[in-house]
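The values are calculated or read from the model by the stated rules, or taken from the named source; none is laboratory data. Everything numeric here is computed off the predicted structure, so don't read it as measured data. Cβ: placed from backbone, ideal geometry, glycine included. Neighbour counts: every protein chain shown.
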Amino acid sequence: MKQLLLLLLSLFMLSLQAAATHIVGGEFELQHREGYYYRLTLNLYFDDVNGDPGALDQQVRVRIFDKQTNAFKMDVYMPLRSNTFVNYTDIACTIGELRTRRLIYYQDVFLSPQSFSGPQGYYVVWERCCRNRTINNIVRPEDAAQAFYMEFPPVTKNNAPFVNSSPRLFPPLSDYACANDLFYYDFSGTDADGDSLVYDMVTPLNGYSTPDPYNAAPPPSPAPYPEITWRPGYSRTSQILGSPPITIESQTGRLTVRPASAGLYVFGVRAQEYRDGVKIGEVRRDFQLLVKDCPRNDSPVVQARANGQTDFYKKGDVIRISPTDARCLNVVFTDPDPNSALTLYARPVNFTSDLYSFSGATTGIVNSTAGTDSLKATLCFDECFDTEGKVYKMNLIVKDNGCSLPRQDTLEVSFIIEPIPNEPPSIEISKPDRVFIVRENDLIDFNVLGFDPDDEEVSITATGVNFNLGTVPINFENRTGIGQVMSPFSWLIDCEALRQPSYLIDFTATSMVCGEAVSRTERIEVRTDYPNQVPVLTTDKQTLVFEVDLNEPFEALFNGTDLDKHLLSMRAVGDGFNLADLGMTFTSTGGFGTAEGKFNWVATCDAFTQGVSRVTFSLSEDACSPSPDQTIVMEFRVKAPEYRSFVPPNIFTPNEDGLNDFFEIPGMPADACTSAFQHIRIYNRWGKEVFSSTEHNFKWDGKGVNDGVYFYVIDLGADKFKGSVTLVR
């Protein structure tokens, strides 16, 4: 019983070991999401032919370590998110012993700037056993494991975020190679940050996992990691033997090998990432290449000759095509293999123009029982194709459908082509004038014609120079035609148009010449002629500066005339004041060719306080292009009465004889703007007041006082008047 249990346990362990031989290869990716969040991805390639589905992990546990100290930073558990097959380049080359699954695991992680700012960066690792037991270039492949490995920089540098996404390697190897045939494959990647990528071959890492089912996927250990062991004759630089052995182009990532013998071979590739000349990370991809003994496949052959020539093009020739030559090459391509499917295409070598096209057969089958032994195509160049006197080179490439990769033949053709002349368009105006002098109600009309000598599409347009055609009543329609086009132009000159002295209008004909717009322009000038005579404004006053008496009426008459009989109008405006505020009035009547105005004013104290008052009288005409307003400016100053101009009496005789019986001042001015009678006081020689009155027309009869000299003071508010008077009876 005990022996039976041991046997069952041994069989169980063997089944686990067998299930573990499944690894084709794979690599890590780390893509920035936002902030300090990143998506960590593991692409695992699974041998669907030799691997057991039981070895397909539903979750992987990866670890991140500090590159400088190897200190553990964090574990990331990533579930299986996708399980798809890797497709062949050509499905017709499918074979049963090569079927690979792509398993994608990923998880979003937060890389804290406090924890992931080490200057040397970090590395991610996952360890898994085992590789395919049928691999030919390593020792004990069934026991060989893989350490999936990637390096990435810190998330901050110099206290600032350092954003970086790792290179993405693509595509996975999906095809097999044929022994002693050249095999090539694009193993390059892309970088979202625009960093430089450099590729090289590296020995795949083995790591510390083993076939022991309890150690097939152990928690990853820190670096360094053991490498796989090459079989004799193999090395990092000769991972697949051949002429040449497997190599990768450092800048492009193109894999090339001519394998010497059939078998299954593992190899390792590294993409190192550089920014500003400094390495910031790397991604490793381990993979395997199946090499088969394939049936012989001969290369196809492509030949060409200029149209009209009998001899095929030979290397070193230069085909010269003039404007009168047929602009075509006749291409013949074939393949010695039976039932060979061929494809022909062209690839410019030292130019980028695509002004050429194929006609005839560019794909087909040759040497079939019902087919032909060769295919024919014609490569023709567009009439605008111009090599500008230089020698252009083009590769004519024919590919067959051979497995695993097609064979091809390339014919490099050198040629010089002169373009077929293509004349520019022209534009005409049906009238000989290019300068039009116009008055109101004049009509400008003519036809605008555009021509293309090559009978191609031509368009005509009109454009105002420094003005918008839509602002004036112009009738013109932009038009397009084949070979020629016509559009009428008309403009009835109205009053609004006469407000501007000149207009420039460009008429343009445009056609496409070899993909570029070529234009020709004809310009006209429209000059406006408006013979407008300046109206005349006159007044009945001989002077324009006036001193007016307070409360005395003032009147001025104005007359306007215009020989052009335009509608005239008058107005008056105070300089800094409203006329009505000072009691001024201005009335006017206007008409065609004449206008009249009347200004009236009775000066008041308000005007006296104003000081100088200026009034502008203006005459305006309603015309298409009016003259400046004609103006007359009058200046007014109010003259107030002078109190000191009167002469009071100096004696009076109150003897009741009816003559000079009172002291009075009948000639004293009335109250003025700044002086107004307040009162009069009369004093004797000792200063005693003997009489007073607040009446402007006072009278003192002298009663109660003796004869003699008396003194008086007249209070005028802003001034005082003093004098003396003698009383004699």
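Remarks
- Unique match (being under 13 Å from residue 440 (Cα atoms) and out of contact with any helix residue (DSSP H, G or I) (no Cβ under 8 Å at 6 or more places or on another chain)) among 498, 544, 537, 504: 498
- Per-region count, the stretch 171-203, residues closer than 30 Å to residue 402 by Cα and at pLDDT below 95: 20
- Taking the criterion of being crowded, with 16+ Cβ neighbours inside 10 Å and either free of Cβ contacts under 8 Å to residues at least 24 places away in the same chain or over 30 Å from residue 593 (Cβ atoms) (or both), the only residue of the stretch 523-545 that qualifies is 524.
- Residues of the stretch 331-357 that are closer than 18 Å to residue 410 by Cβ, among the hydroxyl-bearing types (Ser, Thr, Tyr) and under 41 Å from the mean Cα position of the chain (by Cα): 345, 356.
- Complete set of residues in the stretch 547-577 that are β-branched (Val, Ile, Thr) and free of Cβ contacts under 8 Å to residues at least 60 places away in the same chain: 561, 573
- Checked against (1) of a type outside the set (A, V, I, L, M); (2) surrounded by fewer than 17 Cβ atoms within 10 Å (Cβ to Cβ); (3) in contact with a Ser or Thr (Cβ under 9 Å, 6 or more places away or on another chain); (4) at pLDDT 85 or above, residue 636 passes all but a single condition, namely (2).
- Residue list for the stretch 116-141, filter: of a type outside the set (A, V, I, L, M) and more than 14 Å from residue 25 (Cα to Cα): 116, 117, 118, 119, 120, 121, 122, 123, 134, 136, 137, 140
- Looking only at residues of the stretch 367-410 that are hydroxyl-bearing (Ser, Thr, Tyr) and within 40 Å of the chain's Cα centre (by Cα), we find that the one that is modelled with the highest pLDDT is 392.
- Exactly one residue out of 288, 303, 272, 239 is crowded, with 16+ Cβ neighbours inside 10 Å, under 30 Å from residue 420 (Cβ atoms) and of a type in the set (S, T, N, Q): that is 303.
- Criterion (under 21 Å from residue 659 (Cα atoms) and either assigned to a loop (DSSP other than H, G, I, E, B) or assigned by TED's automatic domain parsing to the domain that holds residue 662 (or both)) met by exactly one of 705, 713, 690: 705
- The listed residues are 411, 396, 379, 405, and the only one of them that is assigned to a loop (DSSP other than H, G, I, E, B), over 30 Å from residue 451 (Cβ atoms), in contact (Cβ under 8 Å) with a residue 40 or more places away in the chain and hydrophobic (A, V, I, L, M, F, W, C) turns out to be 405.
- Scanning the stretch 278-336 for residues that are among the acidic types (Asp, Glu), modelled with pLDDT under 95 and assigned to a strand (DSSP E or B) turns up just one, 286.
Every residue, every condition in (1) buried (at least 17 other Cβ atoms within 10 Å of the Cβ); (2) closer than 30 Å to residue 344 by Cα; (3) not aromatic (Phe, Trp, Tyr), yes or no:
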| position | (1), (2), (3) |
| --- | --- |
| 415 | yes, yes, no |
| 421 | no, no, yes |
| 426 | no, no, yes |
| 462 | yes, no, yes |
| 482 | no, no, yes |
| 485 | yes, no, yes |
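- Selection of the stretch 343-357 for residues being modelled with pLDDT of 90 or more, more than 24 Å from residue 405 (Cβ to Cβ) and not hydroxyl-bearing (Ser, Thr, Tyr) yields 350, 351.
- For first residues located in the stretch 107-127 and β-branched (Val, Ile, Thr), partners that are at pLDDT 95 or above and part of a loop (DSSP other than H, G, I, E, B) and lie 6+ apart or on another chain with Cβ distances below 6 Å form the pairs 125/220.
- Extreme residue, farthest from residue 605 (Cα to Cα), among residues of the stretch 546-582 that are small (Gly, Ala, Ser) and surrounded by fewer than 14 Cβ atoms within 10 Å (Cβ to Cβ): 576
- Scan the stretch 212-235 for residues that are more than 16 Å from residue 146 (Cβ to Cβ) and either within 55 Å of the chain's Cα centre (by Cα) or not assigned by TED's automatic domain parsing to the domain that holds residue 259 (or both) and the total you get is 2.
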